[in-house]
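Heads up, the thing below is written out as structure tokens.
The values are calculated or read from the model by the stated rules, or taken from the named source; none is laboratory data. Bear in mind the structure is a predicted one, so any value in this text is a computation, not a measurement. Note: ideal-geometry Cβ built from the backbone for every residue, glycine included; neighbour counts use all protein chains shown. Ligands, DNA and RNA are excluded from the accessible area calculation, which covers all protein heavy atoms including side chains. Shrake-Rupley method; radii C 1.70, N 1.55, O 1.52, S 1.80 Å.
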Amino acid sequence: MDPPQHTRLRSLVSKAFTPRMVERLRPRIEGIAKQLVDELPAEADLIARFAYPLPVLVITELLGVPASDHERFRGWSEKLARSLDPLLPSDEEAQTLRARAEFREYFRELIVLRRLWPGDDLLSVLVENQELTEDEMVATCILLLVAGHETTVNLIANGVLALSRHDMWALASDHPKQVVEEVLRYDPPVQLTGRVSLVDTEISARGQMVLLLLGAANRDPAIFHSPEIFDPLSSSPRHLAFGLGIHFCLGATLARLEGEIALKELARREPRLLERAPPYKENLVLRGLARLQVRLS
């Protein structure tokens, strides 16, 4: 969206993602992370057992979505995330449309329940706000739910991969903020985004879509010293993993906090890779591992 619609919707939702509001979630996120790490067996797929459950439990609690439903919307979320890929095969488009329709119906039913029995959650706040249409509420909920966990799963997994390959788990324990910022620069969960050109330029005509390669910008040698090296203590935090400008990631503060807590908590068990080259999901936009088999101390 562009202003003024974008400005109106973002201002309504952004109140739940201010640094002050997000910091209130710290004890709950720490509790979830500790429990998940304590329950990890000696060998495990960290995607299935940790990187996925943690942000899903956080965003569902924030939104007011029953945690028992997370398996229902996991498939929908994966299909919607896959649909971001500009090279999506045509035979998958029907699956995406069906997932989107089922997701919408799910939230419409949940909105009816929140109107009858409001709770202490973001969905109840959105329902009580008279400025939002039902379609806007549904679209906002889907956006927050998908974006609120899909990218954070990748952030955590990419962090585990980098720390394990470089044997830097001590840094995750002592300097979690710097580690997360370097993971975001070195191996960002979102590799590219799109913008519409407002004027004619060398690479596009006015009105054309332009793909911006965030992952490449984060390796720009004009900005970063030795950009191909993973170095949390010396790298500049001036990355573009969350975008820039009025569309800067709404949940950046929450994603950073979840990443810091997750990697610091995992440092207690020092995961070691069981696969030299773990497989990635097929998605040009979102860079995420399909699985991450590790051995834990």
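Data overview
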quantity	calculated
Considering residues of segment 129-159 that are among the polar types (S, T, N, Q) and assigned to a helix (DSSP H, G or I) only, the residue farthest from the chain's Cα centre (by Cα)	THR140
Residue in segment 175-186 that is surrounded by fewer than 20 Cβ atoms within 10 Å (Cβ to Cβ) and either more than 21 Å from ARG219 (Cα to Cα) or not polar (S, T, N, Q) (or both) present	yes
Options VAL196, VAL153, VAL125: the member that is in contact with a helix residue (DSSP H, G or I) (Cβ under 6 Å, 6 or more places away or on another chain) and either open to solvent by 50 Å² or more (accessible area, probe 1.4 Å) or in contact (Cβ under 8 Å) with a residue 24 or more places away in the chain (or both)	VAL153
Residue list for segment 279-295, restricted to those being outside any loop (DSSP other than H, G, I, E, B) and surrounded by 19 or more Cβ atoms within 10 Å (Cβ to Cβ)	LEU286, LEU289, VAL294
Set ASP85, ASP69: member being under 20 Å from TYR280 (Cβ atoms) and either out of contact with any Ser or Thr (no Cβ under 6 Å at 6 or more places or on another chain) or at pLDDT 85 or above (or both)	ASP85
Subset tally (residues that are open to solvent by less than 30 Å² (accessible area, probe 1.4 Å) and either among the small types (Gly, Ala, Ser) or over 27 Å from ARG256 (Cβ atoms) (or both)) for segment 49-87	5
Considering residues of segment 8-18 that are under 17 Å from the mean Cα position of the chain (by Cα) and part of a helix (DSSP H, G or I) only, the residue nearest to GLY259 (Cα to Cα)	PHE17
Helices (runs of 4 or more DSSP H) wholly inside segment 38-128 containing at least 2 residues that are among the charged types (D, E, K, R) and more than 22 Å from the chain's Cα centre (by Cα)	93-116
Cβ pairs under 9 Å, 6+ apart, first in segment 261-274 and at positive phi, second in a helix (DSSP H, G or I) and of a type in the set (S, T, N, Q)	GLU270/SER164
Per-region count, segment 213-248, residues within 22 Å of the chain's Cα centre (by Cα), assigned to a loop (DSSP other than H, G, I, E, B) and in contact (Cβ under 8 Å) with a residue 60 or more places away in the chain	2
Filter result (within 15 Å of LYS264 (Cβ to Cβ) and either surrounded by 24 or more Cβ atoms within 10 Å (Cβ to Cβ) or not hydrophobic (A, V, I, L, M, F, W, C) (or both)) within segment 165-174	ALA172, SER173, ASP174
Qualifying residue in segment 89-97 (condition: at pLDDT below 90, among the hydrophobic types (A, V, I, L, M, F, W, C) and either more than 17 Å from PRO55 (Cβ to Cβ) or touching a strand residue (DSSP E or B) at 6+ places or on another chain (Cβ under 7 Å) (or both))	yes
Total residues in segment 219-278, condition more than 29 Å from ARG10 (Cβ to Cβ), open to solvent by less than 20 Å² (accessible area, probe 1.4 Å) and among the small types (Gly, Ala, Ser)	1
